[in-house]
Each structure stands twice: as C-alpha cells, then as structure tokens.
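Heads up, the thing below is written out as structure tokens.
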There are 2 protein chains.
Amino acid sequence: MKKFLNSAESFVADSLAGLAAAHPALRVQAEGPDGPFVARRAATQPGKVALVSGGGYGHEPLHGGFVGVGMLDAACPGEVFTSPVPGQILAAAQAVDGGAGVVFVVKNYTGDVLNFQMAAELAAEDTGVAVETVLVDDDVAVRDSTWTAGRRGTGATVFVEKIAGALAERGESLADVADMGRRVNANSRSFAVALTACTTPANGKPGFLLPEDEMEVGVGIHGEPGRSREKLASAREVAALALDAILAEPLFGAQGERQDGVEVIAMVSGLGATPLSELYILFHEASRLLAERDISIVRSLVGNYVTSLDMAGASFTLCRADDELLELWDAPVNTPALRWGL
Amino acid sequence: MKKFLNSAESFVADSLAGLAAAHPALRVQAEGPDGPFVARRAATQPGKVALVSGGGYGHEPLHGGFVGVGMLDAACPGEVFTSPVPGQILAAAQAVDGGAGVVFVVKNYTGDVLNFQMAAELAAEDTGVAVETVLVDDDVAVRDSTWTAGRRGTGATVFVEKIAGALAERGESLADVADMGRRVNANSRSFAVALTACTTPANGKPGFLLPEDEMEVGVGIHGEPGRSREKLASAREVAALALDAILAEPLFGAQGERQDGVEVIAMVSGLGATPLSELYILFHEASRLLAERDISIVRSLVGNYVTSLDMAGASFTLCRADDELLELWDAPVNTPALRWGL
C-alpha cells in the first residue's frame with residue numbers, strides 16, 4: 001500500500017489534526033468517548049438553524065471541508081468508510097445548536113441512516129434540540145443493494161449543504177431549511193465511473209480488482225459494484241454513459257428531446273486519484289452533450305469534492321436549478337473547499 | 001494507461017476547453033499557429049502590469065487555474081511536460097499588456113527559460129511591450145541536471161503569482177512587481193516525494209518504475225530523479241525528510257536551532273493522485289516539526305496546486321513571510337484554484 005500515513009489506526013485522527021492546523025476557523029473536537037467532530041470555531045448564532053452532516057472518512061473534502069460560513073456547522077467523520085456513531089452525532093448537534101434546531105444531512109447508506117436516526121431520537125428524548133433530517137439519495141446507478149435501500153447518496157450532498165446552508169445563514173426556519181435541502185436532493189442526480197479500486201488503510205489492498213483495460217460503470221463511493229464492468233472507453237463515451245443514465249430521469253425532461261430552458265448546476269468530481277486535467281476533459285464532453293440537448297450549465301464545480309480515498313475515477317452530478325436555488329448557490333460561502341463572496 | 005481522455009493528441013486542447021467551459025471569467029485563445037493561451041475575459045486595465053506564466057501541461061491547476069483577478073493575466077500551456085513556444089508566449093503578452101509592461105513568471109527548467117527569454121527578446125524587438133522576467137528556482141532537492149541549470153522551479157510559483165499578482169493589481173510599476181516576485185522566490189524553498197511515477201498520455205506507461213516498497217525522495221515535477229530512492233516511510237518521516245532539506249537553507253535560520261519569530265506560508269501540494277486525507281496527514285506532521293523549531297505557519301495551502309499528472313506524492317513549500325508579503329497574500333483573489341475576498 002502506497003500511502004502517506006503513520007498507521008491505519010491513526011489515519012483519521014492525524015488527517016483531522018491536519019485539517020484543523022490548516023484551517024484556523026475550524027475546530028476539531030477530538031476528545032470524548034464518542035468520536036470526533038469538526039465544527040466552526042465561532043459559536044452558532046442564536047436563532048440560526050445549524051446543519052450537521054457526516055459519514056465514513058475517505059471522501060474528503062466531504063464533509064469536514066464544507067464546514068464554515070454558508071454551509072455546515074459541524075461534520076462527524078466516522079472511521080474510514082464507517083458510519084459515525086449516534087453519540088458522536090448527538091454531541092455535534094448539541095454543540096452547534098443555536099436554539100433554532102439542527103438539520104442532519106445524511107447520505108443514503110444504511111449505517112449512516114440508522115445512526116443519524118438514532119441520534120435524532122436521542123436528541124428528541126434527552127435534549128431540547130429539534131432535529132430534521134434530509135436524506136440524500138442521488139446516485140442513479142444502483143437501486144437497493146447489500147449496503148443501501150433505495151438509491152445511494154453521493155455528490156448531491158455538496159449541493160444540499162451549500163444551498164440549504166445559505167438559507168440557514170439567512171435565518172430561515174428549521175422546516176424551511178430542511179425542505180430546501182429535500183428540494184435540492186429531489187432535483188439532483190449522480191453517476192460515477194471508476195478506473196481503479198481504492199485501498200483502505202486498514203485493508204492495505206484494493207477493494208476489488210479491475211483489469212487494466214476495464215472500468216466500473218456506476219461505481220459507489222466505497223467502491224460498491226456499479227451497473228456493469230465495461231472495456232475502457234474514451235472520455236466522450238464515459239461522459240455519455242454517465243449523462244445518459246442521469247438524463248433518463250424525468251426530472252430533466254423527456255429523454256432524447258431538446259429541453260428548452262432547463263438549467264443545471266453541474267459537478268464533475270474526481271474520486272481521489274484522477275488529475276484535474278482529466279476532469280476538465282470530462283467536463284468539456286459533458287458540456288457538449290448537454291448543449292446538444294439544450295440543457296444549460298449555469299454553475300459548475302470541477303475538482304475533488306466527493307472522493308473515495310485513492311480511487312481513480314469521476315462522478316457526474318446535475319442539479320436542476322431555478323432562480324431561487326441559484327441565488328442561494330451564489331450566496332457567500334467560506335469553507336476549506338468552497339469559498340466565494342467572503 | 002487508465003486515463004479519461006479522447007486521444008493523446010487532443011489531451012491539452014480538450015482539457016483547456018473544459019477549463020474554459022467551467023470558468024466563464026476565463027477565455028482560451030486556442031486558434032493561431034503558435035499554441036493556445038488562457039487569459040482573463042476582461043481586458044487588462046490600462047496602466048496595470050500584466051503577469052504571464054506558463055509551462056508544460058500536466059501541472060494543473062498550475063498555471064491556467066491561477067488566471068484571474070489578483071494573480072495571472074495569462075497562462076501559456078505547452079503540450080504535456082513540454083515548454084510553450086516563444087510565439088505563443090509573445091501572443092499572450094501582447095494580448096494582456098495594459099501598457100505598463102508584462103512580468104513573465106518562469107519556472108527554472110531549461111526549455112521554459114529559453115522560450116520565455118526568446119519571447120522577451122521578440123517583445124523588445126518587434127513590439128512596444130516591456131518585459132521583466134522572474135525566474136522561480138525553489139526546489140532544493142537537486143542542483144544542475146540534464147533538464148535544468150541550478151535549482152528547479154516548482155511550488156513557489158504559486159506564491160510568486162499570488163503575491164506579485166496582488167501588487168500588480170494595486171497598480172505598482174513593472175520593476176516593483178518583478179522585484180516582489182524575485183523576493184518571494186528568494187524567500188521560498190520546496191521539496192517533493194513521489195510514491196509512484198506519472199504516465200504521460202503520449203507515452204502510455206509510467207516514466208520510471210518505483211517498486212511497491214520504495215519512494216523517490218526529491219522527485220522533480222516531471223518525475224526527474226531526486227536525491228535518493230528510499231524504502232517507504234511513515235508520514236512523519238516523509239515530512240521530516242522534506243523539511244530537513246528545506247530548513248537546511250540559511251533563509252530559515254541556523255539549522256537545528258529554534259527560530260523565534262520566523263513566520264512562513266506553507267503549502268503541501270498533492271502531485272495528482274494523492275487524496276486530500278493524506279495531504280492533511282503530511283501537513284499535520286509538518287506543523288508539528290515546524291512548531292518544534294518555533295517556526296510559525298501563518299498561512300497555508302493544502303491540496304492539489306502544482307501537480308505532475310497522475311503521480312502519487314506530495315511537495316512541501318515554505319515561504320518566509322513578513323508583514324508586506326502577508327498583506328499581499330491576503331489581498332482578494334478570484335481564480336479557479338485560489339479564491340478569497342471576492
């Protein structure tokens with residue numbers, strides 16, 4: 001295994017220590033029996049709804065890199081590819097609650113769903129913290145599997161955190177912030193393609209074997225199987241595969257037809273080991289394909305946003321936009337991984 | 001070769017098309033016999049010194065990702081790991097000159113040095129564009145090689161472009177902007193470690209072979225040989241190797257002694273295939289080691305800033321800072337890869 005680490009055991013703690021050292025506006029609450037969380041150093045303003053997300057480590061910058069003004073108030077990292085535990089999530093929620101309640105942003109993955117749900121129940125029983133949950137389930141590749149009931153949650157998490165986070169920053173209510181998160185999720189779809197498997201520090205070996213001339217089409221963010229194993233294809237063909245899967249959703253209009261007036265926020269995210277030069281090639285192909293359908297990309301992200309350790313590959317996410325979503329997208333944000341207007 | 005591309009021949013053009021599609025504030029001047037350049041869409045303000053950089057493709061986001069308000073006015077990409085040509089550089093300089101002259105920011109690499117020099121001579125002979133050149137030579141690993149006379153240029157380029165770019169934005173003179181660039185370079189040192197070689201699209205195979213239990217210590221940004229081939233070591237040992245090499249420079253004070261009052265801007269940059277989680281681990285170790293020496297990290301960058309295609313590895317860059325440099329560092333910047341205050 002070729003990785004920069006001290007030990008598999010200290011991988012998450014060492015990495016979080018680096019996140020905190022690099023970003024003085026964040027604090028990592030590392031003590032306590034329940035596991036760490038990343039929070040803004042500044043206390044939540046009274047009356048502001050707080051956003052808390054989390055999940056297994058290995059998807060950086062998700063989620064800790066999205067903590068900051070205009071996005072998350074706290075993020076709960078589990079061990080690598082392992083859900084955070086209820087006590088950890090509850091501690092984060094209590095720490096950042098500003099009295100207006102907390103929205104949990106949860107990727108649809110069975111362990112995450114259960115543990116966030118238990119944290120929400122604990123919050124209701126034991127504390128005065130009101131919780132609403134937004135479940136993110138944007139990955140169209142696979143429905144129902146060993147790991148998840150329904151669709152898996154992936155890239156749309158960034159859109160949900162950004163847009164609902166902007167609404168929370170404006171002082172809107174718990175119900176409104178959560179509804180906005182659900183609306184963004186409902187408007188978003190993703191699809192990913194892997195060229196290589198990733199290696200967890202504890203395992204030391206790739207999670208699956210992908211021959212030198214093959215790719216995994218529709219891969220999950222932990223390397224879960226996709227729809228099919230295919231021969232390597234050109235960037236144009238890869239983008240077409242991914243967008244065909246996404247655009248099959250009625251959300252983006254009738255399949256194969258030109259869509260006058262459909263606007264999207266588009267993300268091409270590397271999965272960890274794919275260089276930016278290649279992500280731009282995929283984005284170029286995606287732009288062309290969408291232009292042929294008269295779907296306009298009105299905002300975009302190209303880079304490493306939702307990753308899978310050292311997997312080579314890329315995910316495509318589209319969010320159907322409207323004026324309200326775009327205004328919230330453009331609102332100021334100041335986090336390690338997304339920053340504008342501040 | 002597992003890459004997202006359409007063909008080796010179209011790799012750079014397709015990637016630049018994606019950059020332009022993702023960043024409407026940039027334009028890619030792709031036509032003309034001399035090769036493309038990336039420029040701000042807005043014309044250079046009259047009286048503002050323009051900054052132009054460039055080099056072989058494959059180091060993204062360097063340089064095109066640093067074009068924008070507060071940094072570069074234009075970037076000239078060559079083919080992968082191949083210097084841009086003089087006509088291309090001259091065309092970029094002419095396009096962005098605002099009448100106050102142009103600073104060339106050139107990484108010390110023989111082909112780049114010769115071609116930027118020829119472009120400067122052409123500018124002096126054939127055009128009214130005044131040019132000053134800032135040579136970046138921060139890589140302490142190797143002095144004099146097949147590829148470069150003196151030290152190679154690498155990570156400090158980002159610091160030079162940011163800080164000199166901020167001074168240019170303020171309306172300072174050509175001589176002052178160039179002098180500031182030279183001062184930043186003189187204050188900066190870098191060192192990189194590779195875990196794997198990178199593969200150019202044209203070659204299709206790794207540039208060198210690195211056994212599964214070895215790393216290249218002091219690697220160059222095209223995979224040029226470093227100081228030694230070593231057994232894989234812990235993140236702590238890797239950070240120590242790199243910082244020992246950098247701190248051996250008198251610039252940072254007497255070796256081995258505590259340095260009261262020395263402040264640095266620190267960057268840990270991935271080389272393309274190393275995930276952010278590991279870069280944070282390296283940054284954590286670097287922070288500890290510097291703290292032991294009483295050297296303060298006052299600003300930092302952790303992420304992919306100066307890469308080598310799909311190489312797994314990381315570079316460390318320190319710039320000795322002072323109040324003037326920090327004020328310019330903090331000045332607003334709005335580029336694809338660095339953005340704050342705007």
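The values are calculated or read from the model by the stated rules, or taken from the named source; none is laboratory data. On a predicted model such as this, the values are computed, not experimentally measured, just so you know. Positions of Cβ are generated from backbone atoms using ideal geometry, with glycine treated the same way; all protein chains shown enter the neighbour counts. Note: accessible area is taken over every heavy atom of the protein model, side chains too, but ligands, DNA and RNA are not part of it. Shrake-Rupley method; radii C 1.70, N 1.55, O 1.52, S 1.80 Å.
Across the stretch A:166-173, not a single residue is classified as within 22 Å of the chain's Cα centre (by Cα), within 14 Å of chain B (Cβ to nearest Cβ) and open to solvent by less than 40 Å² (accessible area, probe 1.4 Å). Please tell me if B:Thr148 is farther than 30 Å from B:Phe4 by Cβ, surrounded by 21 or more Cβ atoms within 10 Å (Cβ to Cβ) and at pLDDT below 95. So B:Thr148 passes the test.
For the stretch A:236-255, give me the residue count where each residue is open to solvent by 30 Å² or more (accessible area, probe 1.4 Å), assigned to a helix (DSSP H, G or I) and away from chain B (no Cβ under 14 Å). Give the derivation first.
Just the residues of the stretch A:236-255 that are open to solvent by 30 Å² or more (accessible area, probe 1.4 Å), to begin with: A:236-237, A:241, A:244, A:248-251, A:254-255.
With assigned to a helix (DSSP H, G or I) added as a condition, the list becomes A:236-237, A:241, A:244, A:250-251.
Then keep just the ones that are away from chain B (no Cβ under 14 Å); that gives A:244, A:250-251.
Total meeting the criteria: 3.
Does B:Lys205 fit the bill of being charged (D, E, K, R) and in the same structural domain as B:Val268 (by TED's automatic domain parsing)? In short, yes.
Among residues of the stretch B:50-63 that are away from chain A (no Cβ under 14 Å) and without any contact (Cβ under 8 Å) to a residue 40 or more places away in the chain, none has a Cβ under 7 angstrom from a residue that is open to solvent by 10 Å² or more (accessible area, probe 1.4 Å) and not in a strand (DSSP E or B) at a sequence gap of 6+ or on a separate chain.
Note on the stretch A:256-275: residues that are open to solvent by 10 Å² or more (accessible area, probe 1.4 Å) and not in a loop (DSSP other than H, G, I, E, B) total 1. Please go through the stretch B:322-338 and give me each residue that is under 18 Å from the mean Cα position of the chain (by Cα) and away from every other protein chain (no Cβ under 12 Å), ordered by number. B:Leu325, B:Leu328, B:Trp329 - these are the residues of the stretch B:322-338 that are under 18 Å from the mean Cα position of the chain (by Cα) and away from every other protein chain (no Cβ under 12 Å). Residues in the stretch A:302-311 that are facing another protein chain (nearest Cβ under 8 Å), open to solvent by 10 Å² or more (accessible area, probe 1.4 Å) and in contact (Cβ under 8 Å) with a residue 40 or more places away in the chain: A:Asn304, A:Asp310. Looking across B:Glu125, B:Glu161, one residue alone is acidic (Asp, Glu), farther than 28 Å from B:Met267 by Cβ and not in a loop (DSSP other than H, G, I, E, B). It is B:Glu125.
Please verify whether A:Glu216 is surrounded by fewer than 24 Cβ atoms within 10 Å (Cβ to Cβ), of a type outside the set (Lys, Arg) and touching a Lys or Arg at 6+ places or on another chain (Cβ under 8 Å), treating the condition exactly as stated. No; evaluated as a whole, the condition is false for this residue. Residue check: is A:Gly47 assigned by TED's automatic domain parsing to the domain that holds A:Gly111 and open to solvent by 10 Å² or more (accessible area, probe 1.4 Å)? When the stated conditions are applied, A:Gly47 passes them. With respect to A:Leu290, determine if the residue is within 22 Å of A:Ser277 (Cβ to Cβ) and either more than 9 Å from chain B (Cβ to nearest Cβ) or surrounded by fewer than 24 Cβ atoms within 10 Å (Cβ to Cβ) (or both). It is true that A:Leu290 is within 22 Å of A:Ser277 (Cβ to Cβ) and either more than 9 Å from chain B (Cβ to nearest Cβ) or surrounded by fewer than 24 Cβ atoms within 10 Å (Cβ to Cβ) (or both). Of the residues making up the stretch A:58-104, just one is open to solvent by 10 Å² or more (accessible area, probe 1.4 Å) and aromatic (Phe, Trp, Tyr), namely A:Phe81.
Within the stretch B:263-284, the set of residues being facing another protein chain (nearest Cβ under 7 Å) and of a type outside the set (Ser, Thr, Tyr) comprises B:Gly272, B:Ala273, B:Pro275, B:Leu276, B:Glu278, B:Ile281, B:Leu282, B:Phe283, B:His284.
Please go through the stretch B:1-35 and give me each residue that is modelled with pLDDT under 95 and either facing another protein chain (nearest Cβ under 8 Å) or in contact with a helix residue (DSSP H, G or I) (Cβ under 8 Å, 6 or more places away or on another chain) (or both), ordered by number.
B:Gln29, B:Ala30, B:Gly32, B:Pro33, B:Asp34, B:Gly35
The set of residues in the stretch B:219-231 being open to solvent by 60 Å² or more (accessible area, probe 1.4 Å) and of a type outside the set (Asp, Glu) consists of B:Pro225, B:Arg227, B:Arg229, B:Lys231.
Looking at the stretch B:1-112, the strands (runs of 3 or more DSSP E) lying wholly inside it that each contain 1 or more residues that are closer than 24 Å to B:Gly223 by Cα sit at B:50-57, B:74-80, B:102-107.
When we screen B:Glu278, B:Glu327 for residues that are at pLDDT 95 or above and either in a loop (DSSP other than H, G, I, E, B) or open to solvent by 10 Å² or more (accessible area, probe 1.4 Å) (or both), the only hit is B:Glu327.
All conditions but one from (1) surrounded by fewer than 20 Cβ atoms within 10 Å (Cβ to Cβ); (2) more than 16 Å from the chain's Cα centre (by Cα) apply to B:Ala194; the one that does not is (1).
With in contact with a Ser or Thr (Cβ under 7 Å, 6 or more places away or on another chain) and not in a strand (DSSP E or B) as the only criterion, which of A:Glu212, A:Glu224 stands out? Explain how you work it out, then say what you get.
Working: A:Glu212 fails: in contact with a Ser or Thr (Cβ under 7 Å, 6 or more places away or on another chain).
Within the list A:Glu212, A:Glu224, the selection yields A:Glu224.
Under 9 Å by Cβ, and 6 or more places apart or on different chains, what pairs join a residue from the stretch A:195-217 that is within 11 Å of chain B (Cβ to nearest Cβ) and acidic (Asp, Glu) with one that is open to solvent by 30 Å² or more (accessible area, probe 1.4 Å) and not in a loop (DSSP other than H, G, I, E, B)? Between residues of the stretch A:195-217 that are within 11 Å of chain B (Cβ to nearest Cβ) and acidic (Asp, Glu) and residues that are open to solvent by 30 Å² or more (accessible area, probe 1.4 Å) and not in a loop (DSSP other than H, G, I, E, B), the close pairs are A:Asp213/A:Lys231; A:Glu214/A:Arg229; A:Glu214/A:Glu230; A:Glu214/A:Lys231.
Of all residues in the stretch B:114-139, those being crowded, with 20+ Cβ neighbours inside 10 Å, β-branched (Val, Ile, Thr) and under 16 Å from the mean Cα position of the chain (by Cα) number 2.
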